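Bear in mind these aren't lab numbers, they're just calculated from the coordinates by the rules spelled out. Keep in mind it's a predicted model, so treat the numbers as computed, not measured. Here the Cβ is made from the backbone with ideal geometry for all residues, glycine too, and neighbour counts use every protein chain on show.
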Amino acid sequence: MSRPLYRVLFVCLGNICRSPAAEGLLRQRLREAGLASRVEVRSAGILGDRAGEGADPRMQRAAAARGIELRHRARKVDAEDLRRADLVLAMDASNLRALERLAPSNEERAKLRLFASYCRAHAVEEIPDPYLGTSADFELVLDLLEDGCAGLVAELAAGTP
């Protein structure tokens, strides 16, 4: 009997920088760890004003330089996303609060966490939004996402996310 698919959802504000980069990076790390067939990875944003757009070109460039492919179209998170997911990872406290308000029940609220809680090499509580920043800000975000994805993959491999 095969294991049920585990569903991870990344959420940031507009779904054009942090969450699509986390989605692409986690997919890559899961393939490398041989776990891709066991985990579904998606992303969404609190706001819907960027729906249908690709990832921010600056994030696409920074990710591509690290060999991370971002095939993505922005979309707004909804209550069904929270019902469907096993783990919902917010990039910052503001995103987490918005998700808590959106969650239809305590069961969905129990799935919500800050993504930075999976970081091991960086002592951070949130993944900062690079949108108004420089290329260095996008690089920092990718460093933090790499760290958090490594921690998450380790826990997924152990069956303890």
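Between A64 and R97, take the C-beta separation as r, use R0 = 35 Å, and let me know the FRET efficiency to the nearest 0.05. Write down the numbers at each step before the final one.
Numbers: r = 32 Å, r/R0 = 0.92.
For A64 and R97, the calculated efficiency is 0.60.
Between A33 and A51, what is 0.36 nm times their sequence separation minus the Cα-Cα distance? Round to one decimal in nm. Don't jump to the answer; show the numbers that get you there.
Numbers: separation 18, 0.36 × 18 = 6.48 nm, distance 3.11 nm.
Roughly 3.4 nm would be gained on extension.
Using the Kirkwood radius built from alpha carbon pairs, what does the Stokes-Einstein equation give as D for the chain at 4 °C and 1.567 mPa s, in µm² per second?
For these conditions, the coefficient is 84 µm²/s.
Relative to the present Cα-Cα distance, how much length would full extension add between E40 and E139 at 0.36 nm per residue of separation? Can you show the working numbers first?
Working: separation 99, 0.36 × 99 = 35.64 nm, distance 2.53 nm.
Using 0.36 nm per residue and subtracting the Cα-Cα distance, I get 33.1 nm.
With each label point set 7 Å from Cα along the Cα-Cβ vector, what nm distance links V124 and D86?
Between V124 and D86, the simple spin-label model gives 2.6 nm.
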